[in-house]
Amino acid sequence: MKDLENMISRLLDEKLANVASPTIEVNKNLGGEGLHRPKETAGKLGISLVTLGKWTRQGIINSRKIGSRVYYTDGDINEALKNAFRG
């Protein structure tokens, strides 16, 4: 039984290491900027999720995809705020 537990633990560690590594690499590539989910981003911008989706499709704000998830960086949010106030 102990051997089975050790084998399962080792396999889980290997799988989790494969999942964590790409996330660490993405953060390095983004210059350490924080990643924000759409709901949090919409809240920071004071807009709805529908509007955030439209802005993303229109190129008003950039997004990043990691797997099937969409994220926005601090820089993306700040740039969208700057552009919104330029008119």
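The values are calculated or read from the model by the stated rules, or taken from the named source; none is laboratory data. Bear in mind that the values here come from a model prediction, so they are computed numbers and not experimental data. Accessible surface areas use protein heavy atoms only, side chains included; no ligands, DNA or RNA. Shrake-Rupley method; radii C 1.70, N 1.55, O 1.52, S 1.80 Å.
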Item to check | Leu49, Leu81, ranked by accessible area, largest first (probe 1.4 Å) | outcome: Leu49, Leu81
Checklist entry - Which of the aspartates and glutamates could a cross-linker span from Lys39 if the Cα-Cα distance has to be under 18 Å and same-chain partners fewer than 8 positions apart are dropped? => result Asp74, Asp76, Glu79
Item to check | Accessible area in the full protein assembly, largest first, 1.4 Å probe, for Met1, Met7 | outcome: Met1, Met7
Checklist outcome for this item: For Arg10 the rounded accessible area (nearest 10 Å², probe 1.4 Å, non-protein molecules ignored) is 120
Checklist entry - Just the accessible area for Asp74, please: 1.4 Å probe, Å², rounded to the nearest 10? => result 50
Item to check | Accessible surface of Ile47 - all protein chains present, 1.4 Å probe, nearest 10 Å² | outcome: 40
